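Below is one structure, written out as structure tokens; the observations come after it.
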Amino acid sequence: MKEFGFYPEPIEIDTKPIKVRPLREHETIVKQVLGCDRVHDGWMYAPLQGVQTLGSDHVAERPYSARVFDLPKTHIIEYANAASDEHLDFLVWVLSFFLGIRLSTNEAAYLDATPVKAGKLVDFVLVADSLVRAIELAEAFWVANNGRNKAANRFIAALHALFLGQNPQGLQFERFIYLYTAIDACFALAKSLKRSKIDCHRIAWMCREFGLELPDWATRSEDGGVEVSAIRNNALHEALFMDAPFGFALHGEGKHVNITHEMSALVCRLLVALIGGEAKYVGTPVNSMQRIGLNLR
């Protein structure tokens, strides 16, 4: 049994044997968090760094944030047959993904900012009984892959990079780097799970394997290049983003293309497919700005 949070609505799941329920003080905790002056537009931001002066009980605030911070727990997950703490943590990570909000069993688990409103980190909305199905998929994935090829850790790594790439204060080049690493983590996981030949570039291969629509920025051009790979190479090997030092230029200006939004949407579809969710959502275009219904049944 573990406590986790933060989630603003009461969740009750009973899949027998996995159970999720809110804490008794859930309503009070939520009111306290949502009433905090560090909440803006559905996001909680890190507090200012505090320092206690020598020989005094006074805590002074420094003019910069603490970056890493905590939120109170709101729910309990129970599973008597869980193999380990890591097993329970994985189930909570998967709940995080399908609810679109960072959930954690750990202390001080949040970096810079985290949503306190559901759905902020994904482009889908669960429909029907899909949350129960999500827990079932998470458990089936853990059982099938436990101890093999670091599957659970790779899923978590891709998800965490996706979440870091959503920071509303992140610059475009920062989001791009986080999201590209999330795509690479998806590839590492897909490669360990699949046995088919990799005969094209990574994103094209994953899109083919899982039935995703290949984005324009991941399509090989007539000269043999792939736009997103070229941007990645320049960013990681030359500290250039769109042929300028980090932060001095943007991708997609005047072209109505939001590459980081589309990369985020691609990672969401890949993670649904990797966890075993065979849903119509997976094959939808990534360039839509609409939230899409996800029915895991």
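Ranking Leu171, Leu294, His237 by how far each Cα lies toward the positive end of the dipole of the chain (charges on Cβ) leaves Leu294 at the top. About its Cα centre, the dipole of segment 149-297 is roughly 820 debye, where the only charges are +1 on Lys and Arg Cβ and -1 on Asp and Glu Cβ. The separation of segment 68-122 from segment 15-45, counted between C-alpha centres, amounts to 11 Å. Separation of the alpha carbons by more than 25 angstrom is noted, of Lys16/Lys191; Lys120/Lys280; Lys2/Lys31; Lys191/Lys280; Lys150/Lys194; Lys2/Lys194, for Lys16/Lys191; Lys2/Lys194. Relative to the Cα centre, the charge distribution of the chain, modelled as +1 at Lys and Arg Cβ and -1 at Asp and Glu Cβ, gives a dipole magnitude of about 680 debye.
The string of couplings for segment 108-115 from the Karplus curve (6.51, -1.76, 1.60, θ = phi - 60°) is 6, 9, 10, 10, 6, 7, 8, x Hz, one whole number per residue in order, with x for Gly and Pro. The 3J(HN,Hα) values that the Karplus relation (6.51, -1.76, 1.60; θ = phi - 60°) gives for segment 8-21 are, in residue order, x, 10, x, 10, 10, 10, 9, 8, 6, x, 8, 10, 10, 8 Hz. Gly and Pro appear as x.
What 222 nm value per residue comes from the helices of the chain, counting each DSSP H run with n ≥ 4 as -39,500 (n - 2.57) and dividing by all residues, nearest 500 deg cm²/dmol? Intermediate values should be presented prior to the final figure.
Values: 8 runs with 113 residues, N = 297.
About -12500 deg cm²/dmol.
Per-residue packing, averaged as other Cβ atoms within 10 Å, sorts the ranges 113-124, 65-76 into the order 113-124, 65-76, beginning with the highest.
Give me the aspartates and glutamates in straight-line cross-link reach of Lys255: C-alpha distance below 16 Å, same-chain residues under 8 apart excluded. Cross-link targets: Asp216, Glu227. Take each peptide in 81-89, 150-158, count the other Cβ atoms within 10 Å of every residue, and average; sorted highest first, the result is 150-158, 81-89.
Taking amide H as placed 1.01 Å from N in the peptide plane, the amide H of Gln49 sits under 5 Å from that of Arg62, Tyr64, Ser65, Ala66, each at least 5 places away or on another chain.
Near the amide H of Val125, within less than 5 Å, lie the amide hydrogens of Ile292, Gly293, Leu294, all on another chain or at least 5 residues away, with H placed in the peptide plane.
So which DSSP H runs in the chain come out at 30 Å plus along the axis (Cα) with average Kyte-Doolittle of at least 0.5? Once both thresholds are applied, what remains is 172-193. For Trp43, the residues whose amide H sits under 5 Å from its own are Val116, ignoring neighbours fewer than 5 places away on the same chain, with H placed 1.01 Å from N.
Bear in mind these aren't lab numbers, they're just calculated from the coordinates by the rules spelled out. For clarity, every value in this text was computed on a predicted model and none was experimentally measured. Positions of Cβ are generated from backbone atoms using ideal geometry, with glycine treated the same way; all protein chains shown enter the neighbour counts.
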